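What follows is one structure encoded as C-alpha cells, with my remarks underneath.
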C-alpha cells in the first residue's frame, strides 16, 4: 500500500473518518473495453471524479483505493490517497481486504470508514459531509439512500405478478459509514460462505443484528452501470463545471 496512514491517535482523541473505494471490478454490464471505473467521463477516468469528491470533503482523513492485484492504472496515490492491490473476487471480499489494509496501515478499530462505489462518480463533498454529520453520533452508522419514488412491481416470467407497497422502501446508495472493527467483523462472519447475501456493507451489518441509519441522498448519486449511464453522468459533471 502506497502513501502510509498516520497511526491511530492515542487517548481520548476523536475517531477519524477514512474512505475506502473498492475498484477491482470488471464492470461487464457497462460494455466497455476496460473496467468502467477507468472509462473517461468529462475528460477524466470516472474514479478520478470520485476521488476528487472525497479529497474535497474536509473530514475525510485518508482515502484507500482497493484495486485488483497487478492493476497499475492509477499509479502512485495522490496526496492523502493510498493504493492497495488486494482486490478480491467480489466487492465484499475487496472491502474486507481493504479494511485489513487500513488497520495494517495505521487506522484504528474504532475509526470510521466510508465505503463508496468507484462508479458513483457524481457524489458531492456536501453529501459525504451530510452522512458524516448524521452518523458520527450514531451507535451503528448508516448509509445514503433514497425513498423509492416509482411503483414497484414483482415479476414472474416477464410479467407482473404483484404490485408491492413502496411506502417503506428505500434505494441504497453509497457512501456507507460504519466503524472499521464492526464492519470487518460483520464481513468476517460472511467470509466462510463466500460473502453470500452481502450486497453492500449495510447488509453485512444487518446480518450482525444491527439497524443502520438511513440518510437521505440524491438522485444524482446514481451508480454508472449501463452504457447509457455514461452520457448522463457526463452531462451532470459538465453542468456542474459550466
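The values are calculated or read from the model by the stated rules, or taken from the named source; none is laboratory data. None of the values given here were measured: they were computed from a predicted structure. Cβ sites come from the backbone with ideal geometry, for glycine too, and all protein chains shown count toward neighbours.
What residue, of 105, 98, 87, is on the phi < 0 side of the Ramachandran plot, touching a residue at least 60 places away in the same chain (Cβ under 8 Å) and in contact with a helix residue (DSSP H, G or I) (Cβ under 7 Å, 6 or more places away or on another chain)?
On the way: 105 fails: in contact with a helix residue (DSSP H, G or I) (Cβ under 7 Å, 6 or more places away or on another chain); 98 fails: in contact with a helix residue (DSSP H, G or I) (Cβ under 7 Å, 6 or more places away or on another chain).
One residue alone meets the criteria, 87.
Select from region 98-124 the residues that are assigned to a helix (DSSP H, G or I) and either more than 14 Å from the chain's Cα centre (by Cα) or closer than 15 Å to residue 47 by Cα (or both) and list them in ascending order. Don't jump to the end; show me each part of the working.
Here is the first cut: in region 98-124, the ones assigned to a helix (DSSP H, G or I) are 98-104.
Listed by number, the residues that qualify are 100, 101, 102, 103, 104.
A single entry from 130, 155 fulfils the requirement of being at pLDDT 95 or above, surrounded by fewer than 21 Cβ atoms within 10 Å (Cβ to Cβ) and closer than 24 Å to residue 232 by Cβ: 130. Candidates 139, 167, 145: the one that is within 18 Å of the chain's Cα centre (by Cα) and within 17 Å of residue 214 (Cβ to Cβ) is 145.
Can you name the residue in region 21-31 that is at pLDDT 55 or above and part of a loop (DSSP other than H, G, I, E, B) and, of all such residues, is surrounded by the most Cβ atoms within 10 Å (Cβ to Cβ)? Quick ask: steps written out before the conclusion?
Step one: of region 21-31, the residues at pLDDT 55 or above are 21-26.
Now drop any that are not part of a loop (DSSP other than H, G, I, E, B), which leaves 23-26.
Details: 23: 28, 24: 26, 25: 19, 26: 12.
Looking at residues that are at pLDDT 55 or above and part of a loop (DSSP other than H, G, I, E, B), I get 23.
Among the conditions (1) surrounded by 24 or more Cβ atoms within 10 Å (Cβ to Cβ); (2) at pLDDT below 95; (3) within 21 Å of residue 177 (Cα to Cα), the only one that residue 36 does not satisfy is (3). Within region 170-221, the set of residues being farther than 21 Å from residue 93 by Cα and out of contact with any helix residue (DSSP H, G or I) (no Cβ under 7 Å at 6 or more places or on another chain) comprises 170, 171, 211, 214, 216, 219.
Please specify each residue of region 141-152 satisfying the condition of being touching a residue at least 60 places away in the same chain (Cβ under 8 Å), surrounded by 14 or more Cβ atoms within 10 Å (Cβ to Cβ) and out of contact with any helix residue (DSSP H, G or I) (no Cβ under 7 Å at 6 or more places or on another chain).
145, 146
Here residue 57 fulfils each of the conditions (1) at pLDDT below 95; (2) part of a loop (DSSP other than H, G, I, E, B); (3) surrounded by 16 or more Cβ atoms within 10 Å (Cβ to Cβ) apart from (1).
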